[in-house]
Amino acid sequence: MAIFTPSDLTVVIPTRERWDILARTLDALEHQSALGFETTVVVDGSDQHPPDLAARVIVKERGGPGAARNLGAITSDRRLVLFLGDDMIPSADLVARHLARHDADPEPEVAVLGHVDWHPDLRRDRLLRWMDWSGTQFDFRNIVGAEAGFGRFYSCNVSLKRSFFTSAGGFDEDFLFDYEDLDCGWRLDQRGMRLLYERDAVAMHLHPYDWLKVVRRWESRAGAERLMAAKHPWFEPWFAARVRAASAEARASKMWPLMVDFVPRAVPKLRRAAETRANRWYLQQLAPPFLAAWQKAADLEERAE
């Protein structure tokens with residue numbers, strides 16, 4: 001007999017200004033192989049006017065996706081919560097696979113990380129490929145075994161026992177965007193969380209990126225890293241360190257981002273060398289906006305003090 005059934009689950013989706021893509025996410029949830037779960041959409045901002053949605057809908061004052069996820073979780077009475085991004089189109093068996101993993105590992109501290117891949121509707125261009133192999137978006141390829149580690153607590157496709165989540169305080173709402181996942185994952189880890197990787201619980205990421213969107217994401221990341229470092233003495237700003245290191249090195253040729261895709265992974269040493277040089281080029285391009293945003297955040301902190 002199953003320990004967890006669909007009626008024990010709420011799927012919480014924070015959203016803002018993505019109604020068309022959200023409609024596809026909700027449609028995919030309506031066609032899951034396991035049905036009977038609750039879907040909660042939390043609209044981040046009272047300035048938003050959501051259309052009719054096939055879900056329980058909560059509209060709140062704008063506070064970022066972490067705050068929206070918290071509200072969706074605490075206003076449900078289900079035993080399990082699955083956090084899903086509003087631009088994540090779930091495979092037909094995603095819910096069933098999350099439930100099955102919790103059935104196999106029903107301990108309160110067990111959480112389940114699903115996999116994320118790019119949606120086939122997106123053109124898999126050089127920029128998306130770089131985001132994959134560089135680990136700047138997700139770091140699935142370095143997971144060894146079943147344990148994913150708290151640093152991969154990706155709230156776009158992760159489930160856990162709701163009481164375990166709320167007892168840790170949920171997401172820190174000081175993080176408006178970026179790093180709320182790492183902060184929450186660390187606090188859950190301090191309480192004994194085991195984050196198990198379920199490779200076949202796949203969500204397809206329907207989020208087109210161009211260079212301007214990448215730059216804006218890295219500017220947001222700069223401020224979030226400063227906040228993370230201020231809250232956690234153990235944390236060393238990962239992106240800041242790599243941007244500074246790349247800036248201190250000789251300028252990488254713009255040919256490397258073009259050439260890296262032609263270097264076969266079957267020759268790992270050569271592939272790593274090509275990725276290193278190509279990644280240096282990307283980091284050197286992102287360094288000026290990232291460091292400017294870092295300094296802006298530092299200035300704001302000084303004024304606040």
Here the residues of the stretch 263-305 lying in the modelled label zone of R244, meaning backbone nitrogen under 12 Å from a point 7 Å along Cα-to-Cβ, are 291, 295
So which aspartates and glutamates can K60 reach, going by Cα to Cα under 12 Å and dropping same-chain residues fewer than 8 places off? D44, D47
So for R0 = 45 Å, FRET eff. of W19-L258 from the Cβ-Cβ r, to 0.05, ends up at 0.75
Would you please name the GluC sites (Glu not before Pro) within the stretch 31-136 that are DSSP coil residues with at most 12 other C-beta atoms within 10 Å of their C-beta? E61
For the stretch 1-37 and the stretch 271-285, what is the separation of their C-alpha centers, rounded to whole Å? 38
Enter the per residue convex hull volume of the stretch 127-179, computed from alpha-carbon coordinates, in Å³ rounded to the nearest integer. 104
The value for the chain (convex hull of the alpha-carbon atoms, volume per residue, Å³) is 148
Going from most exposed to least, what order do I21, I3 have by accessible area with a 1.4 Å probe? I3, I21
For the chain, what % of the accessible area comes from carbon and sulfur atoms, probe 1.4 Å? 53
For the chain, give me the percentage of DSSP beta bridges that are antiparallel, rounded to the nearest 5 percent. 35
Taking loop as defined by DSSP and a crowding limit of 16 other beta carbons within 10 Å, which GluC sites (Glu not before Pro) in the stretch 174-265 fit? E249
Per residue solvent-accessible surface (Å²) - the stretch 1-46, probe of 1.4 Å: 43
With springs only between Cα atoms under 10 Å apart, run a GNM on the chain and tell me which of L182, L84, L127 wobbles the most. L127
So, in the stretch 194-305, how many Lys pairs have Cα atoms under 23 Å apart, if the pair is 8 or more places apart or on different chains? 4
For the stretch 153-235, what does the alpha-carbon gyration tensor say about shape, rounded, prolate or oblate, given a ≥ b ≥ c as the root eigenvalues, a/c under 1.5 as rounded, and a/b over b/c as prolate? oblate
Within the stretch 136-201, DSSP-loop trypsin sites (Lys or Arg not before Pro) with at most 10 other C-beta atoms within 10 Å are R141
So, with points 7 Å from each Cα along the Cβ direction, the D125-S220 label distance in nm works out to 1.9
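The values are calculated or read from the model by the stated rules, or taken from the named source; none is laboratory data. Everything numeric in this text was worked out from a predicted model, so none of it was measured. Cβ sites come from the backbone with ideal geometry, for glycine too, and all protein chains shown count toward neighbours. These accessible areas exclude ligands, DNA and RNA; they are computed on the full protein's heavy atoms, side chains included. Shrake-Rupley method; radii C 1.70, N 1.55, O 1.52, S 1.80 Å.
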